[in-house]
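Encoded as structure tokens, the structure appears first; notes follow it.
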Amino acid sequence: MLVFFVLQISLCSSAVQAMDTVALLQQHCVDCHQGEKPPGGFDFSSYKSSAELLSQPALLLDVVNAIDTSLMPPLETSELSEQDRHAATQQARKLLHQAILAAPPTQPTPIRRMTRFQYSNAVKDLLQLRIAVFSLPEQLAREYGNYYKPASKTMPSSLKVGNRALGKSQLIEPRLVGVTPYPQDLRAEHGFDNQADQLSLSPLLLEQFMELSQSVVNAANFDAKTVGVWPELFALPADDAPADLRPLIAERLRKFLTRAYRQPSNTSTVNRFTNYALGLIGEGADYTSAMKATVAGILASPRFFYIHQQADAQFTLASRLSFFLWGSIPDQLLLDSAARGELLDRSILAAHVDRMLLDVKSKRFCDSFPAQWLQLEHIISSQPDPGKFPQFYFARYNASMHMVLEPLLLFETVLIEDKSILHFIHSDFSYRSITLKTWYDDADTVKHTGPGAITFDRVPITDMRQGGVITNAAIMTMTSAPDHTKPITRGAWFAHAILHAPPKPPPADVPPIDRNDKGQLESFTIREQLAMHRDKASCAGCHKKLDPLGFALENFDPVGKWRETYENGKTIDASGTLYSKYDFHNIVELKQALLQEQDRFAYAFTQHLLSFALGRKTTYQDTINIENIVAKAADDDYKLKTIITQLVLSEAFSPAEGLSADKQASIKEKRE
């Protein structure tokens with residue numbers, strides 16, 4: 001009832017404004033956007049009133065984005081001046097905000113199981129293991145020499161790092177013997193591997209969780225040397241073992257269960273596991289064996305390996321924060337703050353964010369978010385033509401091993417040194433191995449190093465064609481075919497990763513370019529071939545967005561080296577237009593244009609970050625929160641730490657989502 005009245009008030013107070021936007025759609029858009037198959041699936045002919053438009057916030061978000069980026073109405077057919085377009089964008093944005101505020105509450109962050117990366121971290125932290133649970137190839141960068149020291153706030157000028165997926169023996173490390181992980185969780189098409197709608201739990205996988213928990217505690221090297229909690233959990237007091245073990249076991253399990261389940265353990269749960277341990281001892285098991293079996297049961301419980309809303313919002317927030325920044329369970333300091341009811345205090349919550357980012361466990365954030373944001377897993381399967389690019393390969397390895405580490409080290413530096421995310425567009429430094437140095441210099445002979453621990457040095461970047469993540473050799477290689485570049489693939493990557501505007505899948509009836517037509521290959525550039533290929537009206541809309549982004553990168557060949565001409569001698573044309581606003585002739589000018597749209601890039605980046613933090617896609621309901629995060633970050637030069645902190649402090653990250661209006665107001669009041 002409350003939502004109904006709010007909606008009615010919103011509709012009445014916005015009638016004149018809404019009619020302005022409705023009139024815009026009717027005058028400038030409806031000629032194309034109507035009928036059985038309107039462009040983009042948007043039929044605006046049915047929207048005649050303010051109520052109809054304000055009741056569709058998801059549609060309004062699309063309208064705002066289309067007007068703001070000059071996709072709609074198209075410049076070539078529109079009489080809107082730049083000033084009118086700006087006013088129309090602001091008007092539509094105001095309506096969007098009102099529609100969001102009048103809409104039903106945001107759905108709760110969905111329950112999801114841990115990824116195997118999170119499970120490994122959680123088990124390691126819970127048991128304070130001094131070795132790995134199992135090796136993870138998805139954790140691409142392997143640190144050597146403990147160079148990652150966030151408390152120092154400075155990255156070293158030279159460091160050693162390996163590539164787990166592509167290097168030699170990089171998965172060989174001290175770990176529990178005989179523990180086999182469940183299959184790797186793949187990155188969702190719309191985002192990350194921790195998305196709730198992708199993390200299913202089949203009966204087979206549930207059985208694997210049960211077997212996995214037993215293999216952890218029964219590993220041959222699971223002992224006092226490798227397990228930090230051994231004295232307080234698995235060993236009896238050396239000098240004074242009590243005759244009645246119940247109080248001792250109950251107290252030990254109470255503490256352990258609180259950490260494992262990320263909330264205070266209730267008496268019935270403690271008693272159930274205590275009785276189980278005592279039952280095993282009564283059947284003849286020794287204390288250590290009984291406790292191992294009990295811990296295995298705790299690890300196999302869905303209450304451990306599922307991330308979900310807790311009964312107390314404080315503990316929900318603690319868990320959400322720890323899995324965001326550490327990919328693991330909360331530490332004792334975070335749980336203690338939750339128990340004291342402190343985490344809804346913004347200053348205390350911000351202090352925890354700062355503390356956690358300065359902890360070495362923040363390396364896990366760097367090991368998971370940037371690689372998935374940039375879709376770097378594609379580099380693993382990239383196989384450039386050895387006939388055309390022989391220096392890409394050496395021994396049984398290839399240059400991808402080096403390429404993929406460069407953007408990851410840049411991300412770590414931006415985080416540790418509290419730098420702006422604008423460095424992801426262009427940076428005046430990078431980390432490169434001798435292989436990459438000679439690679440980018442296009443030296444006659446590439447000096448290959450590796451395949452174990454590789455030395456990377458911090459180097460200055462003075463050429464704007466390089467620097468940042470966009471023109472990194474890994475990106476250029478993984479978005480190419482073995483023997484030619486793929487501008488549309490590059491454009492789609494750019495649109496998704498950098499602009500958070502992924503294209504829709506192409507129509508099923510669109511044929512591929514015939515790469516066997518030697519006449520076309522010898523006579524036309526790839527731009528000219530695609531121009532002949534995309535005449536279909538159903539293709540034009542997406543290609544208008546993707547083509548300029550992909551063609552801007554055409555000066556980089558299939559392995560990321562600079563070129564001025566194609567093999568057929570044709571000069572490369574990397575020109576285009578961004579947002580129908582910035583004309584550019586090359587990648588440098590495109591980067592400069594992006595740097596003029598700082599808020600837009602920060603908004604896109606924050607969408608990625610919020611999706612990763614909450615394990616779900618962002619929706620229209622997140623719009624106001626993201627805008628607020630970006631506005632506050634803008635006051636601090638868009639620093640990565642500031643964006644992370646403001647995201648955690650936002651209502652989107654709050655456990656109040658999905659609750660009644662009264663409960664949401666109560667939590668909001670405490671946070672303020």
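Side notes on the structure shown:
- Amide H to amide H, with H built 1.01 Å from N, Ser430 comes under 5 Å of Val459, Ile461, counting only residues 5 or more places away or on other chains.
- Take the Cα of Glu79, step 7 Å toward its Cβ, do the same at Asp637, and the gap between the two points is 4.8 nm.
- Note on Gln90 and Lys255: the extension gain reaches 54.1 nm, defined as 0.36 nm multiplied by sequence separation minus the Cα-Cα distance.
- Placing a pseudo-label 7 Å from each Cα along the Cα-to-Cβ vector at Gln128 and Ser152 gives an inter-label distance of 2.6 nm.
- On the beta carbon distance between His190 and Lys225, with R0 = 56 Å, the FRET formula returns roughly 0.80.
- Each Lys or Arg adds one and each Asp or Glu takes one away; over the other residues whose Cβ falls under 12 Å from the Cβ of Leu245, this sums to -1.
- Averaging the sequence gap over all C-alpha pairs within less than 8 Å and six or more residues apart, then dividing by the number of residues, gives the chain a relative contact order of 15 percent.
- Accessible surface for the chain, divided over its residues, is 43 Å² per residue with a 1.4 Å probe.
- For the pair Arg563 and Glu232 in one chain, pulling the backbone fully straight at 0.36 nm per residue adds 112.9 nm over the alpha carbon distance.
- Restraint check, Lys545/Lys617; Lys419/Lys632; Lys388/Lys544, Cα-Cα greater than 27 Å: Lys388/Lys544
- Residues of type lysines that Lys292 reaches as a straight line, Cα spacing below 27 Å, ignoring anything fewer than 8 places off in the same chain: Lys124, Lys225, Lys255, Lys361
- Between Ala395 and Asn266, the C-beta separation translates, for a Förster distance of 56 Å, into a calculated FRET efficiency of about 0.45.
- Here the spin labels are modelled as points 7 Å beyond Cα on the Cα-Cβ line, and at Glu627 and Gln383 they lie 5.0 nm apart.
- Calculated mean residue ellipticity, 222 nm, the chain: -14000 deg cm²/dmol, from DSSP H runs (n ≥ 4) at -39500 (n - 2.57) each, averaged per residue and rounded to 500.
- Short-range pairs are left out: with C-alpha atoms under 8 Å and at least six residues apart, the relative contact order of the range 562-640 is 17 percent.
- Expressed as a whole percent, the accessible area of the chain that falls on carbon and sulfur atoms is 53 (1.4 Å probe).
- Rounded to 0.05, the FRET efficiency of the Thr180 and Lys447 pair, given R0 = 45 Å and the Cβ-Cβ distance, is 0.70.
- Projecting the Cα atoms of Met72, Ala311, Ile488 onto the charge dipole of the chain (Cβ charges, centred on the Cα centre) puts Ala311 farthest toward the positive pole.
- For Ser213, net neighbour charge (Lys/Arg +1, Asp/Glu -1) across residues whose Cβ lies under 12 Å away: -1
- Cβ-based charge dipole, the chain, positive-most Cα from Leu212, Ser289, Ser368: Ser289
- Crossing angle, helix 346-357 versus the chain [Cα axis fit, 0-90 degrees, rounded to tens]: 90 degrees
- Centroid-to-centroid separation of the range 233-247 and the range 580-627 [C-alpha atoms, Å]: 58 Å
- In this Cβ point-charge picture (+1 for Lys and Arg, -1 for Asp and Glu), the chain has a dipole of about 1480 debye about its Cα centre.
- Hydrodynamic radius by Kirkwood, which averages 1/r over all alpha carbon pairs of the range 108-154, in angstrom: 13.1 Å
- Inverse mean reciprocal Cα-Cα distance (Kirkwood Rh) of the chain, Å: 27.6 Å
- Bridging of Lys363 to aspartates and glutamates at a Cα separation below 16 Å is possible for Asp125, Glu138, Glu143, Asp331, Asp354, Glu406, Glu412, Glu417, Asp418, once same-chain residues fewer than 8 apart are set aside.
- Dipole axis of the chain (+1 Lys, Arg; -1 Asp, Glu on Cβ), positive-most option in Cys32, Ser45, Val630: Val630
- The range 32-116: relative contact order as a whole-number percent, Cα under 8 Å and 6+ apart: 27 percent
The values are calculated or read from the model by the stated rules, or taken from the named source; none is laboratory data. From a predicted model like this one, the values you see are computed outputs, not experimental measurements. We place every Cβ from the backbone using ideal geometry, glycine too, and count neighbours over all the protein chains shown. For accessibility, only protein heavy atoms count, side chains too; no ligands or nucleic acids. Shrake-Rupley method; radii C 1.70, N 1.55, O 1.52, S 1.80 Å.
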